[in-house]
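K.L.:
Pasting in a structure now, in structure tokens, and then I'll have a few things to ask.
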Amino acid sequence: MRASRFSLLALVSALASIVAGCEQSAQLPMTTLAPKSDLGEAIHHLFLEVTAWDALIFVIVIVAFTLAVFVFSTRAGEAAPPSQASSDLTLEVAWTVGPALVLLMISIPTVRTIFRSQPEVAPKGSLEIKVVAHQWWWEFDYPDGHKTANEMHIPTGQPIRLRLESADIIHSFWVPALGGKRDVVPGQINHLTFIANTPGDYPGQCAEFCGLSHANMRFRVFVQTPDDFAMWQKEQLAGPATPLPNDQLAVQGAQYFATSPCTACHTVEGVSKGYIGPNLTHFGSRTTLAAGVLKNDPADVAAWITDPQKIKPGAYMPALVLPGPKLNALVAYLESLK
């Protein structure tokens, strides 16, 4: 009896720990337990449903184990009763059909959720964004023609249809709060469809090992109200800001950038047409750089330009050895690109 109480206490403690862990993880930025989209809520509901079935099976196994050990077993010194084993067709059918029904109850909602995340036809009124994964950064191409890197802005209440492509090897697009991890495969187009319902800043991560800086392949999704998103979109279409005449440092930086090696890789509308690296047209308006590894401030921008390999091993961007005044001018110009 004492052992039976101990087993029950252990079960209750384990369930309490799971619940406490779920509550705590719901406060973390990369949690899946605080969904902010219709797809995230569907996946969360599926998780709870499967967990409930698992818990039921766990309880049945624990009860059967406890009965077998403490009720239907012989004790030391006791004679074993004569065997009464016989074939029981009803019991054999029950323990075959029972697990099959449980698997069926799990598989139906799972398949339904998978198809919900990537319908064959884009929902009416959806915003379609082309997502291109590179080693080791993300490019977001909007239907109106503007591009951004490592920061995707979307409105609430509107279906979002992501067209996922890879420029090199296999990656995986994942924003835990918005739900739906999806592989990004070279030569193949995958889709992810959802409706974000809560404004906020949600971190994302490549979830498929893709080389030396896989852990540094991050991005952020900014979910905005429709009005805020329209304002952001208008700013993106306006072209890069021109340094003010009284900002001599930024003016000098603009002159240097136009003749620097940066133009071979990076695009700044009206200035350069590079296509290898991220589009820098509105670089100064972004919150991070180097695919979310650094904050977008002058000190980190200077550190990134000077030695990218130290910050992001394997990065394709070459180090630029610049004298202090030139480096400061280039950083001032990049930060002015709002």
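A short reminder: the numbers here are calculations on the coordinates, not readings from a lab. Note that the coordinates shown come from a computational prediction; the quantities given were computed from them, not determined experimentally. For neighbour counting, all protein chains shown are included, and Cβ atoms are generated from backbone atoms with ideal geometry for every residue, glycine included.
K.L.:
Setting aside same-chain residues fewer than 8 positions from K130, which aspartates and glutamates have a Cα under 12 Å from its Cα?
P.N.:
Once the sequence-local aspartates and glutamates are set aside, what remains near K130 is E139, D141, D144, E165.
K.L.:
D168 label point, 7 Å along Cα→Cβ, cut-off 16 Å on backbone N: hits in segment 185-206?
P.N.:
185-187, 206
K.L.:
What ranking do 201-210, 143-152, 55-64 get when scored by the average of other Cβ atoms within 10 Å per residue, highest first? Present the calculation step by step, with values, prior to reporting the outcome.
P.N.:
Numbers: 201-210: 18.7, 143-152: 17.2, 55-64: 12.2.
Highest-to-lowest ranking by the protection proxy: 201-210, 143-152, 55-64.
K.L.:
Enter the per residue convex hull volume of segment 119-230, computed from alpha-carbon coordinates, in Å³ rounded to the nearest integer. It would help to have the intermediate numbers written out before the result.
P.N.:
On the way: hull volume 10.5 nm³, N = 112.
Each residue corresponds to 94 Å³ of Cα convex hull volume.
K.L.:
Same structure, new question: Can you compute 3J(HN,Hα) from phi for each residue in segment 315-329, using the Karplus curve 6.51 cos²θ - 1.76 cosθ + 1.60 with θ = phi - 60°, rounded to whole Hz and x for Gly and Pro?
P.N.:
Values, residue by residue: 4, 7, 6, x, 6, 10, 8, 10, x, x, x, 5, 4, 4, 5 Hz.
K.L.:
With charges only on Cβ, +1 for K and R and -1 for D and E, what is the dipole size of segment 127-228 about its Cα centre, in debye, rounded to 20? Intermediate values should be presented prior to the final figure.
P.N.:
On the way: 8 positive and 12 negative charges, 48 e Å.
My answer is approximately 220 debye.
K.L.:
Would you pull out the residues with amide H under 5 Å of W138's amide H, same chain only if 5 or more places away, H placed 1.01 Å from N?
P.N.:
N150
K.L.:
Distance from the Cα centre of segment 248-282 to that of segment 155-216, in angstrom?
P.N.:
Here the two parts' Cα centres lie 28 Å apart.
K.L.:
For a quick check of your reading of the filter: which trypsin sites (Lys or Arg not before Pro) in segment 87-137 sit in a DSSP loop and have no more than 14 other Cβ atoms within 10 Å? Provide the component values of the computation, followed by the final result.
P.N.:
Values: sites: R112, R116, K124, K130; in loops: K124.
Sites meeting the loop and neighbour criteria: K124.
K.L.:
K338: which lysines have alpha carbons under 16 Å from its alpha carbon, excluding same-chain residues fewer than 8 sequence positions away?
P.N.:
K147, K234, K295
K.L.:
Work out the length of the dipole vector of segment 248-336 about its Cα centre, built from +1 on the beta-carbon of each Lys and Arg and -1 on the beta-carbon of each Asp and Glu, and round it to the nearest 20 debye.
P.N.:
Working: 6 positive and 5 negative charges, 26 e Å.
For segment 248-336, the charge dipole is close to 120 debye.
K.L.:
Still on this structure: Relative contact order of the chain: what whole-number percent is it, with Cα pairs under 8 angstrom and at least 6 residues apart?
P.N.:
Normalised by residue count, the contact order of the chain is 15 percent.
K.L.:
At 7 Å along the Cα-to-beta-carbon direction for both F72 and M105, put a label point, then send me their distance in nm to one decimal.
P.N.:
2.2
K.L.:
Would you kindly derive the ³J(HN,Hα) couplings of segment 32-37 from the backbone phi angles with the Karplus curve 6.51 cos²θ - 1.76 cosθ + 1.60 (θ = phi - 60°), listing them in order in whole Hz, with x for Gly and Pro?
P.N.:
Here the 3J(HN,Hα) series is 9, 8, 10, x, 10, 8 Hz.
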